[in-house]
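Let me begin by presenting the structure, written as structure tokens, before commenting on it.
The values are calculated or read from the model by the stated rules, or taken from the named source; none is laboratory data. Every value quoted in this text rests on a predicted model; they were computed, and no experiment measured them. Cβ coordinates were reconstructed from backbone atoms using ideal geometry, including for glycine residues, and neighbour counts include every protein chain displayed. SASA here: full protein model, heavy atoms, side chains in, ligands and nucleic acids out. Shrake-Rupley method; radii C 1.70, N 1.55, O 1.52, S 1.80 Å.
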Amino acid sequence: MIRPGQGRGLLDVYEHRFLLKLLVRKEIKVRYRGSVLGLLWSYVKPLMQFLIYFVALGIFLNLQRGTPNYAIYLFAGIVLVNFFTESLGNATRSIVDNRDLIRKIYLPRELFPVATVWVSAAHFLPQLIVLVGACLISGWTPSLMQLGASLLAFFLVSILATGLGLLFSAANVYFRDSENIVDMILMVVTWASPVLYVWTMVRDAMGPWYWVYQLNPMTVAVEIFHWTFWQPTLKSDQLVPGGTPPDLIILWLPISFGISIVVLFLGQLAFRRSAVHFAQEL
């Protein structure tokens with residue numbers, strides 16, 4: 001018997017990984033219950049988002065003129081940002097949405113926000129397959145270092161989303177305004193990272209303060225995805241606007257991991273201290 005809030009946090013999630021697997025299956029089944037397209041919505045939603053941005057920015061604002069293979073550049077950023085926004089948004093609501101289960105039995109509360117990140121990862125996979133297919137058609141020739149860096153970028157975003165998900169899911173039990181705060185954060189994420197534009201625009205605008213922009217782990221993760229999926233599709237005679245940010249892998253990736261791990265630690269700390277009262281508050 002373990003008192004709520006007295007567990008070992010995320011270590012309990014690993015010990016109860018069978019329950020985690022069941023929760024992930026349940027979340028996927030519930031989300032597409034009664035749906036005709038089912039998991040195909042994982043393709044339709046990002047495709048529609050991509051088309052809107054590509055038409056508005058690539059064609060109307062003519063950003064594709066200065067950015068070769070702009071469609072791949074755009075989609076490479078969108079799939080990663082979508083993974084983060086879906087993970088954080090659903091994790092924030094995970095405890096409240098599972099109030100009936102939490103009231104009846106005790107199990108590690110961290111299972112619920114972590115399960116939403118895994119569900120988002122399941123939706124991220126088909127989008128990644130589409131991205132890889134488009135890259136291959138465009139002559140994609142990545143190096144092993146680039147592929148390894150993209151995997152690290154995915155883990156980076158997963159850690160960040162889990163940490164923030166733990167923090168805001170706990171806060172949402174006591175203050176339902178937390179959902180609105182998260183919604184505003186998610187509105188900013190797409191524009192706070194070089195998804196729709198190239199990073200050199202920010203460097204030129206911010207000057208010596210550009211390093212502040214690079215402190216955002218999502219910025220670094222998106223830049224790595226561009227380096228992995230977009231740049232290897234360019235031909236030698238195509239001009240790469242600004243190339244890759246300096247010290248992206250050597251400096252900024254470790255810094256981003258450090259920031260994300262701190263966020264995970266703080267989120268876990270706040271979650272554990274609050275979890276003991278979840279059943280009463282719900």
* Keeping to pairs on different chains or 8 or more places apart, tell me how many lysine pairs in the chain have Cα atoms under 29 Å apart. => 7
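Return the carbon/sulfur percentage of the accessible area of the chain, one whole number, probe 1.4 Å, all protein chains in place. Don't jump to the answer; show the numbers that get you there.
Working: 9760 of 14300 Å².
Here carbon and sulfur together make up 68 percent of the probe-accessible area.
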* Asked: Separation between the ILE105 and LYS45 pseudo-spin-labels, each 7 Å from Cα along Cα→Cβ, expressed in nm?
  -> 2.8 nm
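Kindly report the accessible area of the chain per residue (heavy atoms of protein chains, probe 1.4 Å, no ligands, DNA or RNA), in Å².
Working: 14300 Å² over 282 residues.
Value returned for the chain: 51 Å² of accessible area per residue.
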* Asked: Rounded to the nearest 10 Å², what accessible area does ILE28 show when all protein chains are kept and the probe is 1.4 Å?
  -> 50 Å²
* Asked: Hey, what do the phi angles of segment 169-175 turn into as Karplus ³J(HN,Hα) couplings, whole Hz, using 6.51/-1.76/1.60 and θ = phi - 60°, x for Gly and Pro?
  -> 5, 5, 5, 5, 5, 9, 10
* Could you give the length gained on full extension between PHE175 and ILE250, defined as 0.36 nm per residue of separation minus the Cα-Cα distance, in nm? -> 23.0 nm
